[in-house]
Amino acid sequence: MSEVTENKKAPREPLFSKKNKKLVTDPLTDNNPVTIQVLGICSALAITVQVEQGVVMGLAVIFVMVLGNLIISLLRNMIPSRIRIIVQLVVVASLVIVVNEVLKAFMPDVSEKLSVFVGLIITNCIIMGRFEAFAMANKPWPSIMDGIGNGLGYAGLLVLVAFFRELFGSGSLYGIKVLGSNIPGEEWGLYTMGYENNNMMILPPMALVIVGVIIWVQRSRNKSLIEEH
Amino acid sequence: MESTLDIFVKAIFSENMIFAYFLGMCSYLAVSKTVKTAVGLGAAVIFVLLVTVPVNYLLENYLLKAGALEWLSPEWADIDLSFLSFIMFIAVVASIVQLVEMLVEKFAPALYGALGIFLPLIAVNCSILGGALFMQERQYSTILDATAFSLGSGIGWFIAIVAIAAIREKIRYSKVPGPLRGLGITFIITGLMGMAFMSFMGIKYADETKKKDATTEVASTIIDSEENTNTNNTNP
């Protein structure tokens, strides 16, 4: 609570002050919600088979994060701390219902593919985690920035994983065959030279291995992130 | 029709919550440092899944599904409340977790001591809500099937977290490259375990045709690609 009172006394900050910018850029690199904070992996990995699903899921999470952070931040002084989890769940659930209905109406095929994972945004740990750690103690505007930053960090990782899985698993990107076609009779591109898709990439375990490798690369570039054990 | 036993076995092995759908990964990674705490959390997940999925099944079939209100009055037969299912399910999960916590504290203090801190965490564990949503999507025909599914999923989750906790305890004595230490190696090991668990997909279930309709898109892509791999292997 001390943070809240401090905020009130502080002189008015410009909208895009350094601190606010940092809220957006930090989660993209050294404080990534997935690889560093270990949040939100639950619903992230199963839907990274294709870039398109990753993009849609990322956008949905950004939407829910930003609006949810805003609502929680506006309500932060009214929520009794004993029932805050339930209040937060209700806010997220209502936003996710909106997302789900929009997806069903405008992108029925993607909605079909994402199946239960849209619903699982509700229990996505990133959202609950940011509500608890940030929106409950900060003013609306920084909360929005924090929502954008973490949402983008999550979406970015999703798209990165999906990029590798779709490129090597099905030889396409965003549904466009970039490596050529392997339909018998009309082969072109790499497939004429005997290239084969790596079907392993489509299977769930490879998503985990790819995230593991991303963490490896990230931590070997920034030694301060290395864990003791 | 799939038999109840099929659903149960499938939920434990070939459609394992962790290895096939990555549900409950957050607590899986966070609470798997020692076997003891992993057993506690795993038991709590089995318990909560076993209670919440049947309750949500009743809600789904007598309240939310299109035409589910017909038992009240025939005029309400065309009401479809399924858009409310997310909020209903999560409310049920959150309140049951709270209720279970209070009941366990009152009547089984020893169990409460063991599960205590994990119970509140479970409300936001993806595997619980995931169980309810999969139950809704697959439309199990009886409550017995839904219960078998929830028990199987819980046991599958338990096996997964206890196994990774045991491996992580051992890994402390081995030399892992610095940047992979902790989280990175856990991810990769989970991936390898997932590959091992995929071999359970070879189990032949009673009715193969039904299997494809019942599983979700994710699972069917897995099965498809598996078939592709098999055919690829046969013609070198």
Mind listing whichever residues of the range B:93-122 are surrounded by 21 or more Cβ atoms within 10 Å (Cβ to Cβ) and modelled with pLDDT of 75 or more?
-> B:Val93, B:Ala94, B:Val97, B:Ile122
Going by the structure shown, is A:Ile47 modelled with pLDDT under 85, touching a helix residue (DSSP H, G or I) at 6+ places or on another chain (Cβ under 7 Å) and within 18 Å of B:Ala123 (Cα to Cα)?
-> no
Residue set B:Ile90, B:Ile159; condition assigned to a helix (DSSP H, G or I) and modelled with pLDDT under 90; output residue B:Ile90
Got a number for residues in the range B:160-205 being without any contact (Cβ under 8 Å) to a residue 12 or more places away in the chain and out of contact with any Leu (no Cβ under 6 Å at 6 or more places or on another chain)?
-> 20
Kindly indicate which of A:Val116, A:Val110, A:Val96 is within 15 Å of A:Gln53 (Cβ to Cβ) and in contact (Cβ under 8 Å) with a residue 12 or more places away in the chain.
-> A:Val110
Could you please find all residues in the range A:129-153 being at pLDDT 85 or above and of a type in the set (Lys, Arg)?
-> A:Lys139
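Give the residue that is farthest from the other protein chains (Cβ to nearest Cβ), with candidates limited to residues of the range A:194-209 that are in contact with a Leu (Cβ under 9 Å, 6 or more places away or on another chain) and in contact (Cβ under 8 Å) with a residue 60 or more places away in the chain. If you could, list the steps in order and put the result at the bottom.
In the first step, residues of the range A:194-209 are kept if they are in contact with a Leu (Cβ under 9 Å, 6 or more places away or on another chain); the result is A:195, A:197, A:201, A:204-205, A:207-209.
This time we only want the ones that are in contact (Cβ under 8 Å) with a residue 60 or more places away in the chain, so: A:204, A:207-208.
Working: A:Pro204: 6, A:Ala207: 7, A:Leu208: 4 Å.
Checking each candidate, the answer is A:Ala207.
How many residues does the range A:59-74 hold that are over 19 Å from A:Glu101 (Cβ atoms) and surrounded by fewer than 24 Cβ atoms within 10 Å (Cβ to Cβ)?
Total meeting the criteria: 3.
When you look at A:Ile126, is it in contact with a Pro (Cβ under 8 Å, 6 or more places away or on another chain), under 14 Å from A:Ile62 (Cα atoms) and either part of a helix (DSSP H, G or I) or at pLDDT 90 or above (or both), yes or no?
Values: in contact with a Pro (Cβ under 8 Å, 6 or more places away or on another chain): yes; under 14 Å from A:Ile62 (Cα atoms): yes; either part of a helix (DSSP H, G or I) or at pLDDT 90 or above (or both): yes.
Criteria met by A:Ile126.
Here are some residues: A:Ile121, A:Ile97. Which one is modelled with pLDDT under 85 and either over 17 Å from the mean Cα position of the chain (by Cα) or within 25 Å of B:Leu129 (Cβ to Cβ) (or both)? Spell out how you get there, then give the answer.
Values: A:Ile97 fails: modelled with pLDDT under 85.
Just one listed residue meets the conditions, A:Ile121.
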Please give the helices (runs of 4 or more DSSP H) falling wholly within the range A:18-106 in which 2 or more residues are within 10 Å of chain B (Cβ to nearest Cβ) and within 30 Å of B:Gly182 (Cβ to Cβ).
-> A:84-106
Within the range A:97-126, can you find the residues that are closer than 15 Å to B:Ser85 by Cα and of a type in the set (A, V, I, L, M)?
-> A:Ile97, A:Val98, A:Val99, A:Val116, A:Val118, A:Leu120, A:Ile121, A:Ile122
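Could you identify the single residue in B:Ile143, B:Ile122 that is in the same structural domain as B:Ala43 (by TED's automatic domain parsing) and within 25 Å of B:Met25 (Cβ to Cβ)? I'd like the intermediate steps shown before the answer.
On the way: B:Ile143 fails: within 25 Å of B:Met25 (Cβ to Cβ).
Being in the same structural domain as B:Ala43 (by TED's automatic domain parsing) and within 25 Å of B:Met25 (Cβ to Cβ) holds for just one of B:Ile143, B:Ile122, which is B:Ile122.
In the list B:Pro74, B:Pro54, which residue meets the criterion of being surrounded by fewer than 20 Cβ atoms within 10 Å (Cβ to Cβ) and at pLDDT 80 or above? If you could, list the steps in order and put the result at the bottom.
Working: B:Pro74 fails: at pLDDT 80 or above.
Just a single option satisfies the conditions, and that option is B:Pro54.
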Residues of the range B:5-51 being of a type in the set (S, T, N, Q) and crowded, with 18+ Cβ neighbours inside 10 Å, in sequence order, are B:Ser14, B:Asn16, B:Ser27, B:Ser32
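The values are calculated or read from the model by the stated rules, or taken from the named source; none is laboratory data. Everything numeric in this text was worked out from a predicted model, so none of it was measured. Positions of Cβ are backbone-derived with ideal geometry, glycine not excepted, and every protein chain shown enters the neighbour counts.
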